[in-house]
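What follows is a single structure, written as structure tokens, with notes after it.
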Amino acid sequence: MRKRKGSVGELAATGICLLAMTVVMLAYIGNAGLIQQKTMVSQIARKYILRMETVGMLSDQDRTALCGELEAAGITGLRLDGTTLWQVDYGEPIVLQIWGRLENGFEFTEKRVSTAKH
């Protein structure tokens, strides 16, 4: 049996492609958890902005529950700066703004704006 010319080059190219795909997959797996956690934050924010629409503000009870749900989702450094914490009139804008850090220390801001419909 004779060796084919160029077989080492083909093997090296295949090895490099496999290595590159492994790096891409590891990066994806690392970031997929962060994307899932941010999606959870968005769903929680949607739930509370809908409550705020009916009440006209983020009540103390809802604020405590919101912070508890976000901490259970793994959010740290939680702040609600810019959130409507006082009663507004019908049709006035209400804001829910959440600041925090995801598990790997990435900072995020989730801002929801709607109008009071109470």
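The values are calculated or read from the model by the stated rules, or taken from the named source; none is laboratory data. This one's a predicted model, so the numbers in the text were calculated from it and none came from an experiment. Cβ sites come from the backbone with ideal geometry, for glycine too, and all protein chains shown count toward neighbours. SASA here: full protein model, heavy atoms, side chains in, ligands and nucleic acids out. Shrake-Rupley method; radii C 1.70, N 1.55, O 1.52, S 1.80 Å.
Key figures for this structure:
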read-out	value
Some residue of segment 80-90 being touching a residue at least 12 places away in the same chain (Cβ under 8 Å), among the hydroxyl-bearing types (Ser, Thr, Tyr), assigned to a helix (DSSP H, G or I) and surrounded by fewer than 18 Cβ atoms within 10 Å (Cβ to Cβ)	no
Tabulated pairs, segment 33-52, first over 20 Å from Lys117 (Cα atoms) and of a type outside the set (Lys, Arg), second open to solvent by 40 Å² or more (accessible area, probe 1.4 Å) and assigned to a helix (DSSP H, G or I), C-beta under 9 angstrom, 6+ apart or interchain	Met40/Glu69
Filter pass, Thr115 being open to solvent by less than 80 Å² (accessible area, probe 1.4 Å), farther than 17 Å from Ser59 by Cβ and touching a residue at least 60 places away in the same chain (Cβ under 8 Å)	yes
Answer residue from segment 53-79, given it is free of Cβ contacts under 8 Å to residues at least 12 places away in the same chain and over 22 Å from the mean Cα position of the chain (by Cα) and is surrounded by the most Cβ atoms within 10 Å (Cβ to Cβ) among those	Ser59
Condition met for Ile98 (out of contact with any His (no Cβ under 8 Å at 6 or more places or on another chain), more than 30 Å from Ala32 (Cβ to Cβ) and surrounded by 12 or more Cβ atoms within 10 Å (Cβ to Cβ))	no
Residues of segment 40-75 classified as in contact with a helix residue (DSSP H, G or I) (Cβ under 9 Å, 6 or more places away or on another chain) and not in a helix (DSSP H, G or I), total	5
